[in-house]
Amino acid sequence: MKAIYLTGFMGAGKTTVGKRLGEVLQLPVIDTDAYIEQQVGKTIAAIFAEEGEEAFRAYEREVLKKLPTEHVVITTGGGIVIQEENRQFMRKHGIVIYLHCELHELLQRLGDDATRPLLMENKQKKMKQLFEQRLPWYHEAHITIDTTNRTVDDIVENIVLMLKSSRI
């Protein structure tokens, strides 16, 4: 089986859904952000603060190419799709699943989250701007799953059914 890449905006459920999907499919799960933190020895927030977003995006590109492309679930950072090189790589080497969540729910889910470097100031306005900017890139995924107001088990069940009926 090709790698399964979960994409989507921050707060859409990539990490949580990915862990459960890995359990159900009996596949290892790799989170790109956690992998970057491990490799670099810094938190994502520290990388952004000390080296800037451009450096983080370079780490993201490098890591994506190092990870396995078969028999794995890969949960990505919300901005991995902004680089066309990443989108093409994921589409070529795996099944890309976009976890869509409506903006109003994302705002609720991330209301108290102070760990997102791109949302440090003017959170609502910034989220709306980033969400709208990234939406066309998210839609390049092979499969779109709406996570708005749904349970993790419901979402995972839906993904498994889509994967079984998919010819990707």
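The values are calculated or read from the model by the stated rules, or taken from the named source; none is laboratory data. Given the structure is predicted, the values throughout are model-derived calculations rather than measurements. Note that each Cβ is placed from the backbone with ideal geometry, even for glycine, and that neighbours are counted across all protein chains shown.
Out of the stretch 47-71, which residues are more than 12 Å from Thr32 (Cα to Cα), of a type outside the set (Phe, Trp, Tyr) and either outside any strand (DSSP E or B) or at pLDDT below 95 (or both)?
Ile47, Ala49, Glu50, Glu51, Gly52, Glu53, Glu54, Ala55, Ala58, Thr69, His71
Of everything in the stretch 1-17, what is surrounded by fewer than 19 Cβ atoms within 10 Å (Cβ to Cβ) and polar (S, T, N, Q)? Give them in sequence order. I'd like the intermediate steps shown before the answer.
Initially, the stretch 1-17 is screened for residues surrounded by fewer than 19 Cβ atoms within 10 Å (Cβ to Cβ), giving 1-2, 15-16.
Scanning the stretch 1-17 gives Thr15, Thr16.
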Every residue from the stretch 129-168 that is among the aliphatic types (A, V, I, L, M) and loosely packed, with under 14 Cβ neighbours inside 10 Å: Val160, Leu161, Ile168
task: Please go through the stretch 24-52 and pick out each residue that is under 18 Å from the mean Cα position of the chain (by Cα) and not β-branched (Val, Ile, Thr).
output: Leu27, Pro28, Asp31, Asp33, Ala34, Tyr35, Glu37, Gln38, Ala45, Phe48
query: Is it fair to say Ile36 is crowded, with 18+ Cβ neighbours inside 10 Å, at pLDDT below 95, hydrophobic (A, V, I, L, M, F, W, C) and assigned to a helix (DSSP H, G or I)?
result: no
